[in-house]
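Rule-based calculations on the coordinates, nothing more; no lab input. Since the structure is predicted, the reported quantities are computational estimates derived from the model, not experimental observations. Note that each Cβ is placed from the backbone with ideal geometry, even for glycine, and that neighbours are counted across all protein chains shown.
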Amino acid sequence: MSEALVATQAPEAPASGASGARQFWRRLRAQRAAMVAAGIVALLVLVALAAPLLTAIEGQDPTTYHPALVDSARGGVPIGSLGGISGEHWLGVEPQTGRDLFARLVYGARVSLGVALAATTVQVVLGVVVGVTAALGNRWVDQLLSRITEIIVAMPLIIMALALLAVVPGSFPRPVLVSLIIGFVAWGTIGKIARAATLSLKSLDYVAAARLSGWTTLRIARRELLPGLAAPVITYAALMVPNNIAIEASLSFLGVGVKPPTPSWGQMLTSADVWYQAAPQYLLLPAGALFVTVLALTVLGDGVRTALDPRAASRLRVGTGRKREAKPGAQTPGAAKPDAYAPGAQHPDGVQGAQS
């Protein structure tokens, strides 16, 4: 009987994964701003992965000091025009130390993007597990996990991260530590999203049919609920990545994030705040890289959200450029209305207009 119930009450099968991916890609390609942002993000990821190769081509590394390239009499200002830019140092050198700026910038991209992606992964895993467990558990489990989630959401992230980073021994790898702390302190919002989506999905007919057919709760969550959670979770995760990049930069700027000599964009900003007049490129390069990365990821995340949920309009209103199609039967603005009493016209009451 359960098999017959599944066959008769289950809704139509959703589109295959390949078909859904094609629809998503078609909707994403229709958004020009999102595609430009995707190209910028892909370029940044490629630069981060190819950092050893790029620095080898330049012939530099991010940690070697070049004291001969800075003017010690002037406090360590780089010698030469534009911060010491030359064929050997493509973007100049760092004040006081003479370290190569190009090498530190591309290696800093690895740290910033790596920390942000790792922290987002931790947030997604924790949030989905807690949210789905709360939605599928009994009333006591739901209440307990919901209160824990609300406490996590209410925690001030920067203050908690500062406190935890201050007590952890310095021997622990700092990028890994920053990723774990951001992930464990900031998963609350995605947990609430996963719980709400699961509560909505578990009331659908195909989930009830799977339950009546004898499937375990774990199998129902894995086979029926997680595919339905993909769209909201991926959407929010895409918007969390730029936020996590900004958090890592803030922690490094405050001196509790990634420690020297490991390069990081936030750490470079910390050292550059007193050099904005003598060596402005030392401040502008990491600040510009952070700005472009966060902006591109934000635009891409918004495009992913709109592609996954075509009913939702883009929040950014960038690159849409499409004209709204007129509804069938709608009156064109400015068009003259037909005269109901013109010769030969049909009156609403069925009386024709007088013939001239």
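Of the listed peptides 240-246, 282-288, 126-132, what is their order by residue-averaged count of other C-beta atoms within 10 Å, with the highest listed first?
Top of the packing list down: 126-132, 240-246, 282-288.
Only alpha carbons enter this Debye calculation for segment 139-254, each as an equal point scatterer, and the log10 of I(q)/I(0) it gives at q = 0.15 Å⁻¹ is -0.80. Here the ratio of the Cα radius of gyration of segment 68-186 to 2.2 N^0.38 Å is 1.64. Modelled spin labels at residue 259 and residue 284, positioned 7 Å past Cα toward Cβ, are 3.4 nm from each other.
Note on segment 18-114: Rg/Rh from Cα positions, Kirkwood definition for Rh, rounded to two decimals, is 1.22. One quarter of the surface of the convex hull around the alpha-carbon atoms of segment 101-140 equals 2.9 nm², the direction-averaged projected area. May I ask you to derive the FRET efficiency for residue 150 and residue 217 from their Cβ-Cβ distance with R0 = 30 Å, giving the value to the nearest 0.05? So the FRET efficiency works out to roughly 0.80. Between the beta carbons of residue 73 and residue 230, assuming R0 = 51 Å, the FRET efficiency works out to 0.25 to the nearest 0.05.
In square nanometres and to one decimal, what's the mean projected area of the convex hull around the Cα atoms of segment 20-308?
Numbers: hull surface 73.3 nm².
The number I arrive at for segment 20-308 is 18.3 nm².
Using a simple spin-label model with pseudo-atoms 7 Å out from Cα toward Cβ, residue 49 and residue 88 lie 3.2 nm apart. Distant-in-sequence amide contacts of residue 90, defined by a placed amide H-H separation under 5 Å and a gap of 5 or more residues or a different chain, comprise 102.
Length gained on full extension, residue 291 to residue 164: 43.0 nm, using 0.36 nm per residue less the C-alpha separation.
Fewest Cβ neighbours within 10 Å first, please rank 115, 36 accordingly.
Details: 115 30, 36 16.
Starting with the residue having the fewest Cβ neighbours, the order is 36, 115.
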